[in-house]
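Take a look at the structure below.
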Amino acid sequence: MSLQILLNGISTGAVYSLIAIGFALVFNILKFSNFSHGATMTASAFIAYFLVASKGWGLAPTLLCSALSGAIIGLIGEFIGFRRILLNHSAPTYFFVSSITLGTLYEGLVTLKTGTNFYVYPNFFDVATVKIFDAVVSKENIIILAISAVALIILAFIIQKTSIGRQIRAVSFDRDTAKLMGINSTLIIQVVFAISGFFGGLAGCFLGIKFTLTSTLGSLVVKGFIASVIGGLGSLTGAVIGAMLLGIMEALFLSLWGSGWATIASFALMLVFLLVRPQGIAGSNVQEKA
Amino acid sequence: MKLFLYVLTQVCITLVSVCGIYILTGLTGMFSLGSAAFMAIGAYVSGLLVLKAGLNMYAAFAAAIIFSVGIGYVIGFPIVRLRRDYISLVTLGFGESIAQLILLLSQFTGGAFGLIGVPRRVNVWFTLISAVIVIAITAFFKTSKFGRQCIAVKSDELAAQAMGINASRVKMTAFLMSCALTSFAGCLYAFYVGYVGPTDFGWKKSADWVIMVFFGGVNSLTGSIFGGAFLTFLPQYMQALNKYRYIVYAVLVLIILNFKPNGVFGEWELSPRNLKRLFSPKKNRREDV
């Protein structure tokens with residue numbers, strides 16, 4: 001495997017890990033798979049395109065706008081989609097349907113504005129590629145890798161070291177007990193949705209830079225899902241490991257067989273993982289409670 | 001009238017797949033976001049068998065259904081033992097892979113152009129009769145021993161296992177039945193429209209079906225059928241609405257989920273006994289339907 005494939009793979013894996021983290025955070029706290037995550041990515045990437053990038057402001061404002069709109073969309077989604085279900089103590093399946101519905105809603109709204117047209121972010125970099133030893137790597141991949149790494153490290157710090165992170169972990173572990181201990185669990189859930197949306201927005205913007213912006217950009221969220229299944233559903237570390245592994249494998253498949261087969265191969269990889277090691281790499285198996 | 005027949009056919013085809021989703025989601029509590037991929041398999045396999053292999057249409061239908069049940073077994077085997085979230089994640093990935101596969105195997109499937117020239121041998125009566133038969137089978141299944149096992153697994157898997165129900169087998173059977181029904185819907189679709197396109201079967205379509213089931217009431221077959229029929233009729237007759245179709249769907253369902261989480265019909269089923277109770281004087285009416 002040449003260095004170039006490896007670097008491209010790690011960079012793709014970094015974007016996948018942003019998606020997987022956003023997904024795993026919500027999965028951890030409410031124990032359901034948030035299918036509106038993909039559409040959140042699409043919507044925030046488009047908001048950033050229309051508000052910032054199309055006016056010719058550079059990369060940093062675009063990223064920031066995308067991430068913040070992701071966070072706001074996450075908060076709105078929590079309010080209209082999940083709050084009442086949570087307060088009513090309805091069955092977890094309703095979370096699931098709610099998230100699918102929110103996904104269709106966001107995607108419908110985006111499609112209303114854009115139709116099925118393609119949009120391309122303006123070129124953010126003067127020099128397209130850099131040379132590292134004998135590998136030619138596109139600059140956007142390096143930048144994406146760096147920003148993702150910083151974002152993930154900051155998140156790890158917040159979750160492990162700060163008070164709000166401790167509260168998030170407590171609510172993830174047991175919502176009711178955490179509430180009895182004086183934690184405002186509604187607020188914590190809002191925070192988690194905002195963080196998840198923030199990461200979704202970042203990932204959406206990166207995907208838009210790497211590929212093109214279409215209203216079906218969100219379907220790439222499936223890579224994040226595969227990554228979190230490989231890494232172990234509900235584990236944040238596992239999500240990152242799985243995403244990196246998936247990114248590198250995909251870069252390898254891509255160079256061997258082309259992009260269509262790479263998608264199918266990564267799906268087959270997930271099936272094999274579920275057969276051999278269903279708890280994922282990290283090994284935290286979330287069991288259905290009795 | 002022509003429009004009405006067209007819409008009626010669409011409704012019937014949708015109802016066949018909605019029955020499949022009802023068995024999977026309503027009875028067993030699993031969510032599949034790849035059901036549309038099984039519809040694609042049904043449509044493509046049956047279409048190809050008739051076009052390229054010159055098979056009889058009914059034989060092609062049977063072959064397509066058996067084929068997609070086989071695929072369903074391969075997909076379902078690793079996941080029925082696990083938490084139910086996995087089935088949605090895996091089927092979503094499966095749907096995306098099938099979409100890619102259709103594009104890649106373009107020498108068979110026609111790639112992005114779609115499969116053209118499937119004989120249009122299915123008419124409105126054929127779909128209507130199929131839908132009625134499928135609904136009858138589903139209603140029968142709901143009240144059978146198997147259906148009650150499914151409901152037990154849905155409410156509490158652990159307790160169901162303690163009562164001696166083989167939960168993973170029940171889940172697998174429900175999944176395979178749903179595969180069979182959706183791929184049958186695909187067969188009907190291919191032979192009614194005469195054309196199969198690769199973009200008709202995204203996860204949005206599967207999500208649509210789940211939304212239909214939930215709109216009418218996830219615990220009630222009557223509700224699911226009503227949801228499927230209503231949400232298919234509505235946009236066809238309000239062309240102005242068609243652009244806003246998904247948004248209207250989503251808003252309707254969000255309202256229902258927030259304020260009446262059991263759906264329009266709740267647990268109410270259409271049956272002579274329940275009808276009689278509905279129209280009987282108030283004193284005989286009981287709340288537990």
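The values are calculated or read from the model by the stated rules, or taken from the named source; none is laboratory data. No experiment lies behind these values; they were computed from the predicted model shown. Methodologically, a virtual Cβ is constructed for each residue, glycine included, from the backbone with ideal geometry; neighbour enumeration extends over all protein chains shown. SASA here: full protein model, heavy atoms, side chains in, ligands and nucleic acids out. Shrake-Rupley method; radii C 1.70, N 1.55, O 1.52, S 1.80 Å.
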(request) Scan segment A:75-91 and report the pairs whose first residue is facing chain B (nearest Cβ under 10 Å) and whose second residue is surrounded by fewer than 17 Cβ atoms within 10 Å (Cβ to Cβ), with Cβ atoms within less than 8 Å and a gap of 6+ or a chain change. (result) A:ARG83/A:THR186; A:ARG84/B:PHE259
(message) Please determine whether any residue of segment A:248-258 is facing chain B (nearest Cβ under 9 Å), surrounded by fewer than 23 Cβ atoms within 10 Å (Cβ to Cβ) and over 18 Å from A:ILE19 (Cβ atoms).
(response) yes
(request) Mind listing whichever residues of segment B:138-162 are closer than 19 Å to B:SER17 by Cα, touching a residue at least 24 places away in the same chain (Cβ under 8 Å) and not basic (Lys, Arg)? (result) B:THR138, B:ALA139, B:PHE141, B:GLY147, B:CYS150
(request) Can you work out which of the residues in segment A:134-150 that are out of contact with any strand residue (DSSP E or B) (no Cβ under 8 Å at 6 or more places or on another chain) and not β-branched (Val, Ile, Thr) is nearest to A:LEU59 (Cα to Cα)? (result) A:GLU140
(message) For the condition within 19 Å of the chain's Cα centre (by Cα), crowded, with 24+ Cβ neighbours inside 10 Å and in a helix (DSSP H, G or I), what is the one hit in B:ALA62, B:ALA40?
(response) B:ALA40
(request) Can you work out which of the residues in segment B:164-202 that are within 14 Å of chain A (Cβ to nearest Cβ) and part of a helix (DSSP H, G or I) is farthest from B:ALA40 (Cα to Cα)? (result) B:ALA167
(request) Would you check which residues across segment B:252-277 are within 18 Å of A:THR93 (Cα to Cα) and either outside any loop (DSSP other than H, G, I, E, B) or polar (S, T, N, Q) (or both) and list them? (result) B:LEU252, B:VAL253, B:LEU254, B:ILE255, B:ILE256, B:LEU257, B:ASN258, B:PHE259, B:ASN262
(request) Scan segment A:12-57 for residues that are of a type outside the set (Phe, Trp, Tyr) and either surrounded by fewer than 24 Cβ atoms within 10 Å (Cβ to Cβ) or more than 14 Å from the chain's Cα centre (by Cα) (or both) and jot them down. (result) A:ASN28, A:ILE29, A:LEU30, A:LYS31, A:ILE47, A:ALA48, A:LEU51, A:VAL52, A:ALA53, A:SER54, A:LYS55, A:GLY56
(request) Report yes if some residue within segment B:203-212 is open to solvent by 30 Å² or more (accessible area, probe 1.4 Å) and either away from every other protein chain (no Cβ under 14 Å) or outside any helix (DSSP H, G or I) (or both); otherwise report no. (result) no
(message) Which of the numbered conditions does B:ARG277 fail, given that it passes all the others? Conditions: (1) in contact (Cβ under 8 Å) with a residue 24 or more places away in the chain; (2) open to solvent by 10 Å² or more (accessible area, probe 1.4 Å); (3) farther than 15 Å from B:CYS19 by Cβ.
(response) (1)
(request) Go through segment A:97-122 and give me each residue that's open to solvent by 10 Å² or more (accessible area, probe 1.4 Å) and closer than 18 Å to A:GLN190 by Cα. (result) none
(message) Among the residues of segment B:75-88, are any open to solvent by 10 Å² or more (accessible area, probe 1.4 Å), in a helix (DSSP H, G or I), within 12 Å of chain A (Cβ to nearest Cβ) and charged (D, E, K, R)?
(response) yes
(request) Return the residue satisfying two criteria in turn: it lies in segment B:233-263 and is open to solvent by 10 Å² or more (accessible area, probe 1.4 Å) and hydroxyl-bearing (Ser, Thr, Tyr), and of such residues it is farthest from the other protein chains (Cβ to nearest Cβ). (result) B:TYR237
(message) Looking at the structure I just gave you, is B:GLY93 touching a residue at least 24 places away in the same chain (Cβ under 8 Å), away from chain A (no Cβ under 14 Å) and in a helix (DSSP H, G or I)?
(response) no
(message) Can you tell me how many residues within segment B:1-30 are within 30 Å of B:ARG81 (Cα to Cα) and open to solvent by less than 10 Å² (accessible area, probe 1.4 Å)?
(response) 15
(message) The conditions are (1) surrounded by 14 or more Cβ atoms within 10 Å (Cβ to Cβ); (2) at pLDDT below 90; (3) in contact with a Ser or Thr (Cβ under 7 Å, 6 or more places away or on another chain), and A:LEU152 fails exactly one of them. Which is it?
(response) (2)
(message) Criterion first (under 19 Å from the mean Cα position of the chain (by Cα) and within 14 Å of another protein chain (Cβ to nearest Cβ)) does A:ILE100 satisfy it?
(response) yes
(request) Quickly run through segment A:132-158 and pick out the residues that are closer than 21 Å to A:LEU207 by Cα and among the charged types (D, E, K, R). (result) A:LYS139, A:GLU140
(request) Inspect segment A:273-286 for any residue being within 9 Å of another protein chain (Cβ to nearest Cβ), without any contact (Cβ under 8 Å) to a residue 12 or more places away in the chain and touching a Phe, Trp or Tyr at 6+ places or on another chain (Cβ under 9 Å) and give the result as yes or no. (result) yes
(request) Looking only at segment B:105-113, decide whether some residue is farther than 26 Å from B:LEU221 by Cα, more than 10 Å from chain A (Cβ to nearest Cβ), open to solvent by 10 Å² or more (accessible area, probe 1.4 Å) and not in a helix (DSSP H, G or I). (result) yes
(request) Search segment A:104-122 for residues that are within 13 Å of chain B (Cβ to nearest Cβ) and pair each with any residue that is open to solvent by 50 Å² or more (accessible area, probe 1.4 Å) and not β-branched (Val, Ile, Thr) when their beta-carbon atoms are under 6 Å apart and the residues are at least 6 apart or on different chains. (result) A:THR104/B:TYR246; A:GLY108/B:TYR246
(message) Taking the condition of being outside any helix (DSSP H, G or I) and within 14 Å of another protein chain (Cβ to nearest Cβ), how many residues in segment A:201-227 meet it?
(response) 3
(message) Please count how many residues of segment B:18-34 are at pLDDT 90 or above and not hydrophobic (A, V, I, L, M, F, W, C).
(response) 2
(request) Look through segment B:213-239, keep the residues that are hydrophobic (A, V, I, L, M, F, W, C) and part of a loop (DSSP other than H, G, I, E, B), and return whichever of them is modelled with the highest pLDDT. (result) B:VAL218
(message) Tell me whether segment B:155-163 contains one or more residues that are outside any helix (DSSP H, G or I) and either away from every other protein chain (no Cβ under 14 Å) or surrounded by fewer than 20 Cβ atoms within 10 Å (Cβ to Cβ) (or both).
(response) yes
